Amino acid sequence: MASSAKKLKVQNSKDTREFQTWWTDKFGVINKGDKAVCVLCSGTMVCRTSSVKRHFETNHKSICQKSEAEQKELIASALKDRNKQSTSINKFVGKNCHTSTASYTTANVIARHSKPFQEGEFLKEAWLACAPSLFADFENKNKIIQRIKDTPLSRNTIKERILKLAENVTEQQKLDIHSASFISLCLDESTDVTKSARLAVFARYCVGNVIKEELIAIKSLPTTTKGADICTAVKNSIVEKEIDIKKVVSVTTDGAPSMVGKKIGFISLFQTEVGHSILEFHCIIHQQALCAKSGLTSLDNVMAVVTKIVNLISAQALNKRKFDALLDEVNSVYNGLLMYNNVRWLSRGSVLERFVECLEEIRLFLQNEGKIEQYPQLLDVMWLSKLMFFTDICQHLNTLNVKLQGTNKTIIVMIDLIRAFEAKLQVFRNDIIAKNYKYFPYLKKYINESDIHETTNAENITEEFISVIDSSIKEFSTRFSQFKELSETVKFIMYPDVTTFHTLNFSQFDWLEIEDFEMQLIDFQSSSIWIQKFIDMRKELELIETERLTSNISKDANNKILETWNALPETFNCLKKLAHAILTVFSSTYACESLFSEMNNIKDSVRNRLTDESSSACILLKVTSYNPNISQLSSNLQQQKSH
């Protein structure tokens, strides 16, 4: 009986603690969770009639003394004011969410265009200046202007927004890299305007049917830039991005000793950390530039004279003004000479071409200045022949270099370009031997104008040209031997239907667990259905390449290859593993090189106090293919009304 009475008491207690709607009109309280809240003083109490009544009679004696009608009127007025306040708060939060979204969007635009943080205030000033005339016929013009005024775009706000945007992109990267089967890295090191060493690390990985090339870190190296320092920085970056280091397939570097040193170079140390063999590549563009430099060393004396004359004219202000005036006087299409920069890949060819085009004006200028005798080479037929040949061969090398540049290029495309140029070198050689000079327009024009064939040294100069081309052929053959060894394996991603097993090189892929590869390849090549998929794919790639060459429309052929491989069933998992691994390989460090150009734009001599954290965030937003989730960032931003 005692137990039943206790249960009944608890039940009655629960019933009495439920909010009663009549309390609102009688005592001025509303329900909020499991509490009753007084609209007159915002006080809270338990949901019990005695407690509500006691609060009303104790805290609001003046209202209790009034008539029942007056009490109801005062309570109704308090309820109306509370509802109005709630609506105002909701409107403020909604408005603030819109201005936050605008603030994030502006910050993203500023970062993607490498502009200073204070540009936000400039944009706001411009908007406010334009708004009165732009929205003059709008009924809510004043509200629009006020909304612009309320948008936070101060320097510090833009900085914080950019850091949040970069953090959001990083989270997207983490999710995609975590889902990727394989990943390849390319890295390079350079110095910024403050002479700080910065290491850029890019990752290439597959997400669904899309191949991504993303900056995963740009690290500062505090002191030395040895292999061990670089290895530590890369390991830390991988840990921060939560990347499984066992997924790394290859690493592409610029070939510096600190990167490729046999014992203490980065590659050697990093491979130990990975725990399995990895493909090591020296950037194809760097190697091509080295071939161009080493293969043409016999013509260095020509470049030395050209550089000396260019510096005489362009490095001295008075001479430059005089020469520019001369070019203007003779109605030249050029406005001056180009300075030689040994670091830039295309510099030598561009300098030589401009020099040859302005050769007559250069002679006239030096003659007017009384310095033509200091440069007898400008009147030497043999030297000028070498200059013309040098200019022509550099133009061919520059054309190749431009084709190699760009991001998101598969290694098979790059190898094909190198192979094609090696074949062209043989054609150039035969052209010189036959003395047709079909592929040497500057040399041909000069020879026709100067009758060099009548000179006794004509044969010697031809032999020298042939020797230069032979040297270039040897350089290309030696430097790109690694790529030739892997060329058949690399071709597999496009021609699995005709690839023979014994031509594949698995020395660097033994860790992929593809023991059943040969059997699966036989099954694949015996199936007309799957073979047809790759035949169709190659036809589509032909159309893409035709559009690129004829209409200059660039589509991503890599994703088409990946999409075709993803369409295969898991019964060919060994084939798919090899294909995905090869598709991730970086053929060059172009991504790093272009990033350093962006870094110099973002952190220049004016903005040299920009912190590494801020500059890294700006660089990431500049180069990433991800779009920050601005709506999510805006909604998560805590909104607080100013007091």
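The values are calculated or read from the model by the stated rules, or taken from the named source; none is laboratory data. As the structure is a computational prediction, the values presented were derived from the model and not from experiment. When we count neighbours, we look across all protein chains shown, and the Cβ atoms used for this are built from the backbone with ideal geometry, even at glycine. Protein only, heavy atoms only, side chains kept; ligands, DNA and RNA dropped before computing areas. Shrake-Rupley method; radii C 1.70, N 1.55, O 1.52, S 1.80 Å.
Ligands, DNA and RNA are left out, and with a 1.4 angstrom probe the accessible area of region 504-643 is 52 Å² per residue. Taking label positions 7 Å along the Cα-Cβ direction at both S467 and W22, the computed distance is 11.6 nm, reported to one decimal. Between T105 and I30, the modelled label-to-label distance comes to 3.3 nm, taking each label 7 Å out from Cα in the direction of the beta carbon.
For the chain, averaging the sequence separation of C-alpha pairs within contact (under 8 Å, six or more residues apart) and dividing by the residue count gives a relative contact order of 18 percent. Modelled spin-label separation between R321 and V427, with each label point placed 7 Å from Cα along the Cα-to-Cβ direction: 4.9 nm. Packing here is the average count of other Cβ atoms within 10 Å per residue, and on that basis the peptides 614-624, 155-165, highest first, run 614-624, 155-165.
Centroid-to-centroid, using Cα positions, region 240-290 and region 503-577 are 26 Å apart. The packing ranking, built from the mean of other Cβ atoms within 10 Å per residue, places the peptides 465-476, 415-426 in the order 465-476, 415-426, highest first.
Listed by number, the DSSP H helices of the chain that run 30 Å or longer by alpha-carbon position along their axis and have mean Kyte hydropathy of at least -0.5 are 381-404, 411-434, 458-479, 528-550. Our estimate of slack between S220 and K263, defined as 0.36 nm per intervening residue step minus the Cα-Cα distance, is 13.1 nm. Straightening the chain between K235 and S42 buys 63.9 nm, computed as 0.36 nm per residue apart minus the Cα-Cα spacing.
The calculated FRET efficiency for the pair A434 and D556, based on their C-beta separation and a Förster distance of 45 Å, comes to about 0.60. Here the chain has 51 percent of its accessible surface on carbon and sulfur atoms, given a 1.4 Å probe and all protein chains in place. Pairs spanning more than 30 Å between alpha-carbon atoms, out of K262/K484; K226/K603; K438/K539: K438/K539.
Computed extension length for E57-N342: 93.5 nm, one decimal, from 0.36 nm per residue of separation with the Cα-Cα distance subtracted. Overall, region 502-643 carries a charge dipole of about 820 debye about its Cα centre when +1 sits on the Cβ of Lys and Arg and -1 on the Cβ of Asp and Glu, all other atoms neutral.
Taken over the alpha carbons of region 391-502 as equal point scatterers, the Debye sum produces base-10 log I(q)/I(0) values at 0.12, 0.16, 0.18 Å⁻¹ of -0.56, -0.83, -0.96.
Note on V330 and E540: with the Förster distance fixed at 60 Å, the Cβ-Cβ geometry gives a FRET efficiency of about 0.70. Beyond 19 Å, what share of the Cα-Cα pairs of region 525-591 remains, rounded to the nearest whole percent? Result for the distance tail: 45 percent.
Of the peptides 307-319, 582-594, the ranking by mean beta-carbon count within 10 Å, highest at the top, reads 582-594, 307-319.
Treating r as the C-beta distance of T399 and K293 and R0 as 22 Å, the FRET efficiency rounds to 0.85.
Could you name the aspartates and glutamates in cross-link range of K235, using Cα to Cα under 13 Å and dropping any fewer than eight places away on the same chain? List returned: D244, E273. Counting Lys and Arg as +1 and Asp and Glu as -1 over every other residue whose Cβ lies under 15 Å from the Cβ of T106, the net charge comes to +4. Can you give the net charge of the other residues whose Cβ lies under 11 Å from the Cβ of N319, counting K and R as +1 and D and E as -1? Surrounding charge for N319 is +2. For log10 I(q)/I(0) by the Debye sum over Cα atoms at q = 0.06, 0.09, 0.10 Å⁻¹, the candidate list reads [x] -0.56, -0.87, -0.98; [y] -0.40, -0.81, -0.96; [z] -0.55, -0.97, -1.09; the entry that matches the value derived from this model is [z].
In a shell of Cβ-Cβ distance under 12 Å around D254, excluding D254 itself, what net charge do Lys and Arg (+1) and Asp and Glu (-1) give? Surrounding charge for D254 is -3.
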